[in-house]
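> Below is the structure I would like to discuss, written out as structure tokens.
Just so it is clear, none of the values below were taken in a lab; they were calculated from the coordinates. Computed from a predicted model, the values in this text were never measured in an experiment. Every residue, glycine among them, receives a Cβ derived from its backbone with ideal geometry; neighbour counts consider all protein chains shown.
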Amino acid sequence: MDLLTKCTFVMACWAVTFITVAECSIYPSEMSGDSARKLPSAVVPVSQASTLGSFYSLSLSSTFPEDLGMNEYCIELLRIYRQRYVTYANCLVTYARPVKVCQNCYTGFNSLEDIYKNISSDQPGPGNVGCHDSLMRSDRLMLLYALFSKLDEIWTSAECKQCLTEDQEALSNDTVYFMATLNQSLACFEQYQRNHTELCKDCKASYKRLKELYGRMDKNQTLCIDLEDAMNITQQLWSKNFSCLLPREETVPVIAVSSFMLFLPIIFYLSSFLHSEQKKRKLIHPKRAKSNNSLMNIQDKFS
Amino acid sequence: MANIAKKVSWSGRGDDRGERTPLLNGDEEVKYNRQDIVRSRPKEIPHNEKLLSLKFESLDYDNSENQLFLEEERRMSHMGFRCLEIRRWVICGLIGFLTGLIACMIDIAVEKLAGYKYFAVKLNIEKYTELGGLSISLILWAVLNSAFVMFGAIAVAFVEPIAAGSGIPQIKCFLNGVKIPRVVRLKTLVIKVFGVICSVAGGLAVGKEGPMIHSGAVVAAGVSQGRSTSLKKDFKIFEYFRRDTEKRDFVSAGAAAGVSAAFGAPVGGVLFSLEEGASFWNQMLTWRIFFASMVSTFTLNFFLSIYHGKPGELSSPGLINFGRFDSDIVQYNLYEIPLFIIMGALGGVLGALFNIINYWLTIFRIRYIHRPCLQVMEAMLVAAVTATVSFAMIYFSNDCQPLGQDNTEEYPLQLFCADGEYNSMATAFFNTPERSVRSLFHNPPGTYNPVTLGVFTLAYFFLAVWTYGLTVSAGVFIPSLLIGAAWGRLFGILLSFIASSQSIWADPGKYALIGAAAQLGGIVRMTLSLTVILVEATGNVTYGFPIMLVLMTAKIVGDYFIEGLYDIHIKLQSVPFLHWDAPPTSHWLTAREVMSSPVTCLNRVEKVGRIVDVLSNTSTIHNGFPVVAHTSENDEPGIICGLILRSQLIVLLKHKVFVERASSRLSQRKLQLKDFRDAYPRFPPIQSIHVSQDERECMMDLTEFMNPTPYTVPQETSLPRVFKLFRALGLRHLVVVDNENRVVGLVTRKDLARYHVGKDGLEELHLAQT
């Protein structure tokens, strides 16, 4: 038992030390006094009291010793990350409605992705220091990672890659062609803004071409959110605003054919009822033990 | 064996007629009947549910412990018994594997065919929506449906009528101990599979799950015998299992494997066998059945994963995949339980309505639509009308929903909806029923509007009622689930209107599931196994309690009006079905009143001529004959010393085992149990066995072959006691004896099954030739 307790104690001490050191490195320069006070009080009575003393004094100042903080290179990387992040996020919000993010923000995304890769690559920069661990993995928040992964997720779910060329440097030809076709339709809509009936007639050709193109691209998986959204809006314009719906004008023939079909079974059942021989069953008399009162009773009752 | 080629059923004319009548009620039948009328016995009544048909016989579940059997047992080593056990396991594995394969094949075939059909119709509809002339699309759809159904119906009506319907009633009867002619033959299996594919692809309101159970049973019966009499091929394996006892055990494994493949519910399958057929049950058998079920679902899984291009990914276990319910909508609260119970009651009422309508329809069909060509026409008409109704519903529906990102609609129809939207009615109708069920369960709230659901429920209810009982092979599970899911979802939507502010708990998908359970429970009235099947098929144990409650309520409410659908159909087929218990208030009936008497007995050493005469007597088709020590000339009954079966006598006659030939037989090989097994299950009819005049004078010693210790009861035994013996031991003949052990009567299954509780107490069913 004694040994066990001792072991546990040593383990606990070690763990606490580790946590303390780890948490020290977590806080960036502008750590507030408030959060420092939240550090576990259990730490105090342990043998590391002297270190802790210096920690408390340090926490109020804005810098760490060199080895606990970060080197210049990493700070520089962080700064670039910040800039590009802001640019890209700015771009996203700007083109959120109607959605045009893929067309406008791919440069921003590319550069952000570059710097992120740079940080996470773990390749030592000048002075033989890798910034991956110190920037990305030294706290439980892992802010840089979380921020980037969210944006990356948005980019993926927008399927922007499908609208861009292989290297993501420019819009793909399909996209450009689709835009051109879309603009033709929109121009046509513009032209007949006043008269909806005429619009439905005259713009039908270009709208139909657009729809077909869209259908083809859907099959080839070369659609991204921009195109989908643009198409959605166009469809709504066409169907809702200009109400170019197909007319339901064949009600009479459909009803006629349906009622004819529904009439057939009635004829069928009537004719089979009238003409078909009804199936009869021949009763068989089983051999039974000779008369018994109770048996007679039940048979009487039945017949 | 050569005699079998001539396909005459061994129980003679009555049986033969029985097999033929549902097929072709030609003029011949009519003439026969008229003659009968002339013979001044106008004992003819229209078909009704209060009849017992002569064509059904019992299975020989009881083992005949004659000397041959004892000899064989003595010869067999300990190792031999071990091998038998291992063979049983191998057979169960094979059953599971083959059943899974068949399920997989059906699934793929239906998917492909229905895919082609819907694709063609969709293209056509799209074309004519723009150009005008949608009535042509309607006709195209109707014609395609009818064409598919025509093939299926022709196969069933002309080739193998027993393959019609879901097959569950027939399997239920088989497991109950009734030998339904031709129900477990290979030909039936082929027609069944083909028929199911045709009827599901033909767009009828049917499912492919019920027939899977029948298919599994046929596979089991075939595999366990190691041969096929239809193909005339004997693999010379598993010969030991050529007995009714063994066959029936394997058939219960096959049925379980079928359920398991159909719903991805191995435990449900085992419980199904237990619930429907388990009068004879033991632990090892259960374990083997479970093994067969598991193998079956695994096989299906494996091959489907290959088909879907993801080999090794084993997560699509059943033919019907209800999909998974997400954990956040799974939750239910205490205050929802009364709602579930209300839904259960509703399901019971609707199920009873379904059954009542179907009951009258089935009676009409049996009486008037019994010619195969009429049956085919009826099926085609139903298919055409189904297409018409669906089309009309879709055409006049104004319910348009936007196409979603993750929408699962395989064939979205736009019709007159705005671009980018689809017709919501079409997701329910323009789809195979299983997909519709899935979308009702899982589509997000707001996918369907209440009017659409209401109209759909109503239309589909009547279509399904009308469809069940047609001469196509098809099941009732999926249509019931679909009807229930539709009104359940409607219920959920209306609830969320009422509880408008916090409508989080009223997830329509959850209520769709509960509704589906209620409706299915109300129609088929299964309890334990259905609960487990639904729990397993949805992969969700959380709903176990609500589903159980719902099924319980549905059964109680439904039973108040009418029995379950399968029981109705069993009754209408005039099957001598033994329920769990004798009818209540029947203790005053004794064996003396129940038994048939006088009994045709045979002497221990009997004249061949007499045996042949007894067997060929067509007016009384007996299958078991008590063997008595010696019959006196006057009517005194003899003392019982054994029981011999018709099948045994026929084999004896065929091999000419006569006393006079005993000397010459010494050189020949002695008759073994194997000779009896070889003739099983289609013993040749007595007419095909030639017995010359000289041979008629010979004698036959039955001592060696009869069952020396048949079960007997005294005359005063009450009906429930006799019943219990029959039900628990699977008897076929029960000899009634007097104080001095003299035979006075014989009780068979039909003698017991004729009693049932009607409106005014105990009633008796009539025996009839059907």
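> Need one value for B:356-365: mean number of C-beta atoms belonging to other chains within 10 Å of its residues' C-beta atoms.
1
> By how many nm would the segment from B:Thr542 to B:Leu729 lengthen if fully extended, with 0.36 nm per residue of separation less the alpha-carbon distance?
63.4 nm
> Another question, then. Once Lys and Arg get +1 and Asp and Glu get -1 on their Cβ, which of A:Ala89, A:Ala146, A:Asn118 lies farthest toward the positive end of the dipole of region A:70-158?
With unit charges placed on the Cβ atoms, the residue in question is A:Ala89.
> Which translational diffusion coefficient, to the nearest whole µm²/s, is obtained for region A:198-260 from the Stokes-Einstein equation, given a Kirkwood hydrodynamic radius over C-alpha pairs, 4 °C and 1.567 mPa s?
Calculated translational D: 93 µm²/s.
> Moving to a separate point now. Can you give the angle from 0 to 90° between the axis of helix B:372-396 and the longest principal axis of chain B, with both taken from C-alpha atoms, to the nearest 10?
The helix B:372-396 is inclined about 20 degrees to chain B.
> Give the peptides B:486-499, B:214-227 in descending order of average Cβ contacts within 10 Å, highest first.
So the order, starting with the most tightly packed, is B:214-227, B:486-499.
> Rounded to the nearest 500, what is the 222 nm mean residue ellipticity of chain B from helices alone, with -39500 (n - 2.57) per DSSP H run of 4+ residues and division by all residues?
Dividing the helical sum by the residues of chain B leaves -18000 deg cm²/dmol.
> Ok, one more. Report, in listed order, any pair from B:Lys179/B:Lys674; B:Lys43/B:Lys607; B:Lys117/B:Lys232; B:Lys724/B:Lys759; A:Lys161/B:Lys208; A:Lys100/B:Lys117 with a Cα-Cα distance greater than 31 Å.
B:Lys43/B:Lys607; B:Lys117/B:Lys232; A:Lys161/B:Lys208; A:Lys100/B:Lys117
> Please give, to one decimal in nm, the separation of the simple spin-label points placed at B:Trp588 and B:Arg677, each 7 Å out from Cα toward the Cβ.
5.0 nm
> Could you give the angle, 0 to 90 degrees to the nearest 10, between helix B:477-498's Cα long axis and the longest principal axis of the Cα atoms of chain B?
Result, in degrees: 40.
> Can you tell me, using C-alpha contacts under 8 Å and at least 6 residues apart, the relative contact order of region A:70-158 as a whole percent?
26 percent
> Fewest to most neighbouring Cβ within 10 Å: what's the order for B:Val156, B:Val382, B:Val121?
The most exposed by this proxy come first: B:Val121, B:Val382, B:Val156.
> Here's another thing I want to ask about it. Give the peptides B:163-174, B:342-353 in descending order of average Cβ contacts within 10 Å, highest first.
In descending order of packing, they fall as B:163-174, B:342-353.
> Could you line up B:Phe462, B:Phe429, A:Phe148, A:Phe263 from fewest to most neighbouring Cβ atoms inside 10 Å?
By the 10 Å Cβ count, ascending: A:Phe263, B:Phe462, A:Phe148, B:Phe429.
> For B:Lys112 and B:Leu231, what does the FRET efficiency come to when R0 = 25 Å and r is the distance between their Cβ atoms, rounded to the nearest 0.05?
In this case the efficiency is close to 0.35.
> Right, here's the next one. How many Å³ per residue does the convex hull of the Cα positions in chain B occupy?
It is 176 Å³ per residue.
> Considering only chain B, what is the antiparallel percent among its DSSP beta bridges, to the nearest 5?
80 percent
> Please give, to one decimal in nm, the separation of the simple spin-label points placed at A:Asn71 and A:Arg209, each 7 Å out from Cα toward the Cβ.
6.1 nm
> What average count of beta carbons from other chains do you get within 10 Å of the Cβ of residues in B:379-390?
Rounded to a whole number, the mean comes out at 3.
> What is the distance in Å between the Cα centroid of region A:196-261 and that of region B:575-632?
77 Å
> Determine, from the Cβ-Cβ distance of B:Thr245 and A:Lys287 and an R0 of 35 Å, the FRET efficiency 1/(1 + (r/R0)^6), rounded to the nearest 0.05.
Efficiency, from the Cβ-Cβ distance: 0.75.
> Quote the charge dipole size of chain B about the Cα centre in Debye, to the nearest 20; the model charges only the Cβ of Lys and Arg (+1) and of Asp and Glu (-1).
Roughly 1900 debye for chain B.
> Pull the list of chain B cysteines that no other Cys approaches to under 4.7 Å, Cβ to Cβ.
For chain B, the answer is B:Cys83, B:Cys92, B:Cys104, B:Cys173, B:Cys198, B:Cys373, B:Cys601, B:Cys641, B:Cys698, because their Cβ atoms have no other cysteine Cβ under 4.7 Å.
> How would you rank B:Glu716, B:Glu276, going from fewest to most other Cβ atoms within 10 Å of each one's own Cβ?
Neighbour counts put them in this order, fewest first: B:Glu716, B:Glu276.
> Report the calculated FRET efficiency for A:Asp167 and B:Met552 (r = Cβ-Cβ distance, R0 = 60 Å), to the nearest 0.05.
The value I calculate is 0.40.
> Sort B:126-134, B:394-402, B:549-557 by packing, meaning the average of other beta carbons within 10 Å per residue, with the highest value first.
Put in order of decreasing packing, that is B:549-557, B:394-402, B:126-134.
> Taking the dipole about the Cα centre of region A:173-241, with the C-beta of Lys and Arg at +1 and of Asp and Glu at -1, give me whichever of A:Phe178, A:Thr222, A:Tyr207 is farthest to the positive side.
Checking the options against the dipole of region A:173-241, the answer is A:Tyr207.
> Modelled label-to-label distance, B:Arg696 and A:Arg216, 7 Å Cα→beta-carbon offset: nm?
9.0 nm
> To the nearest 10 degrees, how steep is helix B:544-561 against the longest Cα principal axis of chain B, on a 0 to 90 scale?
Orientation of helix B:544-561: about 70 degrees from the principal axis.
> Contour minus end-to-end for B:Ala147 and B:Val605, with contour as 0.36 nm per residue of separation and end-to-end as the Cα-Cα distance?
Full extension of this stretch gives 158.7 nm more.
> Within 10 Å of each Cβ in peptide A:251-259, how many partner chain Cβ atoms are there on average? Round it to a whole number, please.
Counting other chains' Cβ atoms within 10 Å and averaging over A:251-259 gives 5.
> Shifting gears a bit: Classify region A:146-283 as rounded, prolate or oblate from the Cα gyration tensor: take a ≥ b ≥ c as the square roots of its eigenvalues, call it rounded if a/c is under 1.5, otherwise prolate when a/b beats b/c and oblate if not.
Oblate.
> Once you have the Cα-Cα distance between B:His579 and B:Thr620, take 0.36 nm times their residue separation minus that, and quote the gain in nm to one decimal.
Residue separation times 0.36 nm, minus the Cα-Cα distance, leaves 12.1 nm.
> Can you give the relative contact order of chain B as a percent, counting alpha carbon pairs under 8 Å and 6+ residues apart?
Once divided by the residue count of chain B, the mean separation gives 19 percent.
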